[in-house]
Amino acid sequence: MVNETVVTPAQLIQPLFVTEGDAPEPVPSLPGVFRIPLREIAAHCRHLHLLGLRGVALFPKIDPALKTADGREALNPRTLVIRATEEIKAHAPEILVFNDIALDPYTTHGHDGVLTANGADVDNDRTVEILMQMALLHARAGVDFVAPSDMMDGRIAAIREVLDAEEFSRTGILAYSAKFASAYYGPFRDAVGSSRTPDAVPISKATYQLNPANRREALREAQQDEAEAADMLMVKPAGPYLDILRELRMETALPLAAYQVSGEYAQIHAAAERGWLDLRATRDESLLAIRRAGADVILTYFAEAWAKDFA
Ligand code: PBG
């Protein structure tokens, strides 16, 4: 009677990795997660919809031969994630598609944008130009929300402007606003093949993602994205940043998303495999805590399994 917080399947977004391959490919660092073949993606989405889920976030596993320093495959109008979006919108239109807008699946160096001449940093403004074109391609393919996850400055306004100019005023923007430079992204980078540079150096995105020490800076980034006309704001990772989520909840009237990222999922699974934690109980508590802190929707690799158990 006095229970204050609930989680329902409609509030969960399933991140999906897509592959050109013929068979589902397991991701070793994400137990239970498979890269889905393009030709199965629409059927898979229909299955998720029957479980009560309403949205998916697509991430392509790009053939390494197509990766370049400038990530130009991102602007190929027939690139994998565009075809996947069209499949879903043609055969499972009730599922909302949220596509990541960033260059990391397409660059040899794994960064979210193109690099400056000396290679020391991402070139903010050149990257924003590319992301605008990328967002437009996704809008043409029928995506419901573009989700810029790159953390470049000024990209929300730039993307809004190009979408509106091309009659895509109904395509929403989910801004990865408070995205921290986190160690919890490791398994995701394995899944899309972006974890190491060509010289096998582990990648650091600390020049553009947020410093985990900074709370005020996260709020400033979110205010800026809201001022630039984002439709929804995101905090990422979720569990270690519940304080940020709660503060943003008090500050904004926009819907808030939280991304329970790959490392959060992997650590619960790893401990459960050893018999140290109860998988379902820990999973359910982690999702409840994210909702209690103020998230309207949660991106989580647990979405499908959670919805099955809920039914
Ligand atoms: C990159 C992107 C990342 C994630 C979503 N989009 C990783 C990164 O910033 O390197 C991470 C998601 C996860 O760990 O589950 N644009």
Task: Matching residues in region 281-290 - criterion: being in contact with a helix residue (DSSP H, G or I) (Cβ under 7 Å, 6 or more places away or on another chain) and surrounded by fewer than 21 Cβ atoms within 10 Å (Cβ to Cβ) - done: Thr282, Ser286, Ala289
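Which of the following residues is acidic (Asp, Glu) and within 15 Å of the ligand (Cβ to nearest atom): Glu226, Glu221?
Glu221
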Task: Subset of region 160-187 (residues that are among the basic types (Lys, Arg) and within 17 Å of Val128 (Cβ to Cβ)) - done: Arg160, Lys179
TODO: May I ask you to say which residue of Pro77, Pro64, Pro93, Pro105 is touching a Gly at 6+ places or on another chain (Cβ under 8 Å) and at pLDDT 95 or above?
DONE: Pro105
TODO: Please go through region 247-287 and pick out each residue that is more than 22 Å from Glu226 (Cα to Cα), of a type in the set (Phe, Trp, Tyr) and under 19 Å from the mean Cα position of the chain (by Cα).
DONE: Tyr265
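Here is a yes/no grid of residues against (1) under 22 Å from Gly193 (Cβ atoms); (2) out of contact with any Asp or Glu (no Cβ under 9 Å at 6 or more places or on another chain); (3) in contact (Cβ under 8 Å) with a residue 40 or more places away in the chain:
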residue	(1), (2), (3)
Val27	yes, no, yes
Leu51	no, no, yes
Gly55	no, no, yes
Leu66	yes, no, yes
Ile82	yes, yes, yes
Glu86	no, yes, yes
Open item on the list: I'm told Ser195 meets every condition in (1) touching a helix residue (DSSP H, G or I) at 6+ places or on another chain (Cβ under 8 Å); (2) more than 14 Å from the ligand (Cβ to nearest atom) except one. Can you identify the failing condition by its number?
Closed with: (2)
Open item on the list: Can you confirm whether Gly275 is within 22 Å of Pro31 (Cβ to Cβ), modelled with pLDDT of 95 or more and away from the ligand (no atom under 16 Å from the Cβ)?
Closed with: yes
Open item on the list: Condition (residue is at pLDDT 95 or above, hydrophobic (A, V, I, L, M, F, W, C), farther than 24 Å from Asp70 by Cα and more than 14 Å from the chain's Cα centre (by Cα)) applied to region 159-182: is it met by at least one residue?
Closed with: yes
Open item on the list: Among the numbered criteria (1) under 22 Å from Val33 (Cα atoms); (2) away from the ligand (no atom under 13 Å from the Cβ); (3) aliphatic (A, V, I, L, M), which one does Ala183 miss?
Closed with: (2)
Open item on the list: So if I check each of Val97, Val27, which one is over 14 Å from Ala191 (Cβ atoms), within 20 Å of the chain's Cα centre (by Cα) and within 16 Å of the ligand (Cβ to nearest atom)?
Closed with: Val97
TODO: Among the residues of region 213-243, write down those that are under 10 Å from Ala178 (Cα atoms), surrounded by 17 or more Cβ atoms within 10 Å (Cβ to Cβ) and over 18 Å from the mean Cα position of the chain (by Cα).
DONE: Leu219
Task: Unmet requirement for Ala200, which otherwise passes all of (1) modelled with pLDDT of 95 or more; (2) among the aliphatic types (A, V, I, L, M); (3) more than 10 Å from the ligand (Cβ to nearest atom) - done: (1)
- [ ] Give the residues of region 151-197 that are among the small types (Gly, Ala, Ser) and closer than 14 Å to Gly110 by Cβ, sorted by residue number.
- [x] Ala181, Gly186, Ala191, Gly193, Ser194, Ser195
- [ ] Being crowded, with 24+ Cβ neighbours inside 10 Å and closer than 25 Å to Phe180 by Cα is the filter here, so list the residues in region 139-148 that pass it.
- [x] Val146, Ala147, Pro148
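The values are calculated or read from the model by the stated rules, or taken from the named source; none is laboratory data. Values in this document were obtained by computation on a predicted structure and should not be read as measured data. FYI the Cβ positions are ideal-geometry reconstructions off the backbone, even for glycines, and counts take in every protein chain you see.
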